[in-house]
Amino acid sequence: MSKSVETEGALETRGIEQVPDHERTARTRELFPTWVGANISVLLLTMGASLVVAYHLNIWQALVVAVAAPIVSYGLVGLIGIAGKRGGAPGMALSRAVFGQRGNLLPGSLIWVARWGWETINAVTGAYAMLTILDILFGVEANSVLDMVTLLVFVVATFAISGLGINAVQKCNKYATYVFGVFSVLVLGYLAANTDWSKVMDHSAGSTAAVITGIGMIAAGGVSWIPSAPDFTRYLPRTASSRAIVGTAVGGAGVVVLPMVLMGAVMAVSTPDLASATDPVSFLGEILPTWIAVPYLCIALIGMLLINSMSMYSAGFTAQTLGFKVPRHWAVSVNAVISLIFGGVLMLVATSFMGSFIAFLSLLAVAFSAWVGVFGADMLHRTEYDGAAMADTTRTSAYWYRGGFSPAAVAAWAVGLLSGLMFTTSDWFTGPLAKNNVIGEYGLGWVATIVISGLLYLVLPKPAATPAAATEAAGATEERVTADA
């Protein structure tokens, strides 16, 4: 990223306020390693294994899933990222223009809470990677105390990177991209030489419904990044190519998702337990030779650290939009503490890590998708965002609408959210419409959420942004009426 007044030092000091045009000197190609880093996760391997073990897909069907999933989810990431260059502000700050100053607190709160779970999963996976490395290299066996120590180290490292800001995040992602490339060649070479390919190729094909379900499952992970997309594009100039924003998102995710999902699918043919391992990281450390297990676990650790750093970076902005009157780097600390607490509970109590992850992912995708549908539909007619109105949280704001709410946006969001949950099934929750219909069968509750909330928002009458003078007069009248009463 090119240097700017607010980001030229080690610590980024800019928060949710709009970035002025003279500081917006970033380039779209710098987004590519950002979305590479957002996907370097060992959990993609276990999800790839699930395609074979749980959904009974063959290698060619797994290939279709691995290609389609990042196109679907990160195509949406790129499209919403366009709002960042239009408005020069984080996603949840731009959301004030859509939902209203008070209305934005509803989806903002839910998305913030959903990030707690996402960051907890990442922190636990990172801690498992550290434990396995210690076991392989030094023979140190895990115990409850060591579990908590490694979790603490991981969370503190995450906080350090995300707290520093976008320069630190993107620089780490850039180097991680190179390391991941080397790692991928290493593992692919090992698999090519040691896999019984006749067994892989002879695996029978699964149903078309299972293929669609697999695409929905893996794409759901990418959906969680959609509200964060403007956070990483807000330093782009207004003239930046929208096509390039979408292309770098899809390309950056695709170069990770494709090989890792396929590697997981290939591994699962000979080691099906990979798909249901309680601790997927140490399990993989056991089935790979030491010379490849150690570098693999190191890149897994780096990847989870970067993913969590990006998530906490965005969570800091979300906390600020919810009213936390603290600098961005201290707002990040709130999520760090929460992920530490929840991560400790998951490591000490949970008996099925992958089952918990898939169940959480299903509900998480719906929580994010309701916002995506409304915000995306609003982008169809909005090309500018008023920075002063976004920053003004009082009734004088042009985005105050009716009592601080945009009725159309809030209603569409709520209906979409409830409808999506009705079509969603997981180990934790099964909606009343999740069975005996195409959407429920294919695990596409999050898709239904986007479509329903988006279409409803388009057809509902929307209040116009209120000029400041008119809003002030309305506020004065409201105060006089209240006083007379």
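The values are calculated or read from the model by the stated rules, or taken from the named source; none is laboratory data. Note that the coordinates shown come from a computational prediction; the quantities given were computed from them, not determined experimentally. Please note: Cβ atoms are built from the backbone with ideal geometry, for glycine as well, and neighbour counts cover all protein chains shown. What goes into the accessible areas is simple: the full protein's heavy atoms, side chains included, and nothing from ligands, DNA or RNA. Shrake-Rupley method; radii C 1.70, N 1.55, O 1.52, S 1.80 Å.
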Task: Residues being free of Cβ contacts under 8 Å to residues at least 12 places away in the same chain and among the β-branched types (Val, Ile, Thr) - total across region 197-251 - done: 2
TODO: Kindly list the number of the only condition in (1) modelled with pLDDT under 90; (2) of a type in the set (S, T, N, Q); (3) surrounded by 24 or more Cβ atoms within 10 Å (Cβ to Cβ) that fails for Ser95.
DONE: (1)
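Give the residue, chosen from Ile59, Ile80, Ile40, that is more than 18 Å from Thr239 (Cα to Cα) and under 22 Å from the mean Cα position of the chain (by Cα).
Ile40
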- [ ] Could you check, for region 170-186, whether at least one of its residues is open to solvent by less than 40 Å² (accessible area, probe 1.4 Å), at pLDDT 85 or above and in a helix (DSSP H, G or I)?
- [x] no
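Here is a yes/no grid of residues against (1) of a type outside the set (Val, Ile, Thr); (2) at pLDDT 90 or above; (3) in a helix (DSSP H, G or I):
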| residue | (1), (2), (3) |
| --- | --- |
| Lys199 | yes, no, yes |
| Ala220 | yes, no, yes |
| Ile245 | no, yes, yes |
| Thr248 | no, yes, yes |
| Gly251 | yes, yes, yes |
| Met267 | yes, no, yes |
| Ala275 | yes, no, yes |
| Thr278 | no, no, no |
| Val281 | no, no, yes |
Task: Top-ranked residue in region 236-259 [being buried (at least 24 other Cβ atoms within 10 Å of the Cβ) and of a type outside the set (A, V, I, L, M, F, W, C); ranked as farthest from Ile59 (Cα to Cα)] - done: Thr248
- [ ] Within region 20-41, track down each residue that is surrounded by fewer than 20 Cβ atoms within 10 Å (Cβ to Cβ), in a loop (DSSP other than H, G, I, E, B) and basic (Lys, Arg).
- [x] Arg27
Open item on the list: Looking only at region 136-166, count every residue that is over 23 Å from Val337 (Cα atoms) and touching a residue at least 40 places away in the same chain (Cβ under 8 Å) and tell me the total.
Closed with: 2
Open item on the list: Going by what's in this entry, would Thr233 be described as over 21 Å from Val447 (Cα atoms) and either open to solvent by 10 Å² or more (accessible area, probe 1.4 Å) or touching a Leu at 6+ places or on another chain (Cβ under 9 Å) (or both)?
Closed with: yes
